[in-house]
Amino acid sequence: TLGEDIAMSSCRVFNYIFSMCKLIISQSNKLFRDLGEGEIRRLCGIPLPAYIFQLQEVANLTLLVLLLAMCTQEPYFWCLNDGHGITMECDSGQDRMDFYTICSFLAMMLYWGLLSDLAIFSMRISAFVLVCGRVVIEVGLFLTALFLLIMAFCTAISTLYYEMPAKEGAHVWLEELIRMSLGMYSPEAYQVIISTSILVTIPVCMFLFIVGICLTNLLIAQLSQSYHDAYSNMQGYARLNRASITNTTVQGISVKRWTRFLESLKLDDALEFNEGDVGLSGGIQVLEPSNAHIVTEDTIKRFGGSTAPSAPWPKEPDDEEEDKLSLLEQKLQAIIKAQKKGNKSRGASTE
């Protein structure tokens, strides 16, 4: 309907203006910054700015390219240019629909992938994301072994074309073996292979045994061991990742905004240990109930006199009296314990 087309086109224009333009500005700033500072690296002899070698920046640059491609191939824009109004039901729009949908799919996946940075707000989730990144390597090894295995068996079984003329060619068996490894092969199709040729059934059974038992169980064992080895250190890596993202975010904040934030913290104001008891500066005070952490002995040593840095450090008072009192208290506690033990032993003897 017209209302749906207006709402969808408005959301797309909003995305192009605020998301694509923001990416253009950020990527341009990082490009000119690296060029101005001479931060250039080479990849296969091609000079590239240094920020490109970060995975997140590669994703941002790829997302920018996809958004630019979507903007140039937007069906609403082409139909509006042809005079059909706000709609996608025109020849120009439909001709570009396939390419536009592919770019939209890739851009949406990148949007959700970039949202993984929000995992830093929870250490457990951040550690889990990092562990998943570590075990992906094991999955990649499994897929590589599976691909090589499928290629070996599809080329080998294709040489038995005289046994099954209906399935002649390596490309045919490539599709068949992929479906078998994914569990998408029907029992009726297996029955056809068994009833047609025993020579073809033997390598098919070997392939299923290697994939279904050996490779699959090996993958499970590798994932379990990798997760066990990686998770013990992932909490520390998660904290380092949070610090790295925080540092990168702080670098993008303007000086004026950062100065206003520091002033709001009031780090130069002296803090109070208790009401009226002024202490040091350079901290953020957090109040708590007085009975939350009961302290029977004051750990703050106080000295009278001038607080000038040039004044000599005052001598600490003699703690002999305090040591005598503590020794007397220990002796009294020992006498009380001995009396209690004596009373218990007398009660036991009378019984």
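The values are calculated or read from the model by the stated rules, or taken from the named source; none is laboratory data. Worth saying up front: this structure is predicted, and the values here are computed from it rather than measured. Glycine gets a Cβ as well: all are built from the backbone with ideal geometry, and neighbour counts include every protein chain shown. SASA here: full protein model, heavy atoms, side chains in, ligands and nucleic acids out. Shrake-Rupley method; radii C 1.70, N 1.55, O 1.52, S 1.80 Å.
Which ones in the range 89-109 are assigned to a loop (DSSP other than H, G, I, E, B) and either touching a Phe, Trp or Tyr at 6+ places or on another chain (Cβ under 6 Å) or without any contact (Cβ under 8 Å) to a residue 12 or more places away in the chain (or both)?
89
Could you say whether any residue in the range 75-83 is farther than 18 Å from residue 11 by Cα and of a type outside the set (S, T, N, Q)? Quick ask: steps written out before the conclusion?
To start, the set of residues in the range 75-83 that are farther than 18 Å from residue 11 by Cα comprises 81-83.
Retained after the next criterion (residues that are of a type outside the set (S, T, N, Q)): 82-83.
Yes, the range 75-83 contains a residue that is farther than 18 Å from residue 11 by Cα and of a type outside the set (S, T, N, Q).
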(message) Condition check: under 28 Å from the mean Cα position of the chain (by Cα) and either surrounded by 16 or more Cβ atoms within 10 Å (Cβ to Cβ) or of a type outside the set (Gly, Ala, Ser) (or both). Does residue 120 satisfy that?
(response) yes
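Every residue, every condition in (1) of a type outside the set (Gly, Ala, Ser); (2) in contact with a Phe, Trp or Tyr (Cβ under 8 Å, 6 or more places away or on another chain); (3) open to solvent by 60 Å² or more (accessible area, probe 1.4 Å); (4) within 30 Å of residue 164 (Cβ to Cβ), yes or no:
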residue: 197; (1), (2), (3), (4): no, no, no, yes
residue: 203; (1), (2), (3), (4): yes, yes, no, yes
residue: 209; (1), (2), (3), (4): yes, no, yes, yes
residue: 251; (1), (2), (3), (4): yes, no, yes, no
residue: 271; (1), (2), (3), (4): yes, no, no, no
residue: 284; (1), (2), (3), (4): yes, no, yes, no
(message) Consider the range 308-318. How many of its residues are at pLDDT below 70 and exposed (fewer than 10 other Cβ atoms within 10 Å of the Cβ)?
(response) 3
(request) Could you grab me the full set of residues in the range 246-261 that are modelled with pLDDT under 80 and among the small types (Gly, Ala, Ser)? (result) 252
(request) Please list, ordered by first then second residue, the pairs with beta carbon atoms under 7 Å, 6 or more apart or interchain, first in the range 12-28 and within 18 Å of residue 72 (Cβ to Cβ) and β-branched (Val, Ile, Thr), second open to solvent by 50 Å² or more (accessible area, probe 1.4 Å) and assigned to a helix (DSSP H, G or I). (result) none
(request) May I ask you to list the residues in the range 145-182 that are open to solvent by 40 Å² or more (accessible area, probe 1.4 Å), in a loop (DSSP other than H, G, I, E, B) and at pLDDT below 85? (result) 161, 162, 163, 168
(request) Kindly list the number of the only condition in (1) surrounded by 13 or more Cβ atoms within 10 Å (Cβ to Cβ); (2) under 30 Å from residue 214 (Cα atoms); (3) of a type outside the set (Lys, Arg) that fails for residue 136. (result) (1)
(message) Quick check on my filter: what residues within the range 1-58 are open to solvent by 60 Å² or more (accessible area, probe 1.4 Å) and not in a helix (DSSP H, G or I)?
(response) 1, 39, 40, 41, 42, 43, 44, 46, 47, 54
(message) Could you check the range 153-174 and list, in sequence order, the residues that are under 44 Å from the mean Cα position of the chain (by Cα), under 19 Å from residue 185 (Cα atoms) and of a type in the set (A, V, I, L, M)?
(response) 157, 170, 172, 174
(request) Restrict the check to the range 225-245 and report whether at least one residue is surrounded by 11 or more Cβ atoms within 10 Å (Cβ to Cβ), modelled with pLDDT under 85 and in a loop (DSSP other than H, G, I, E, B). (result) no
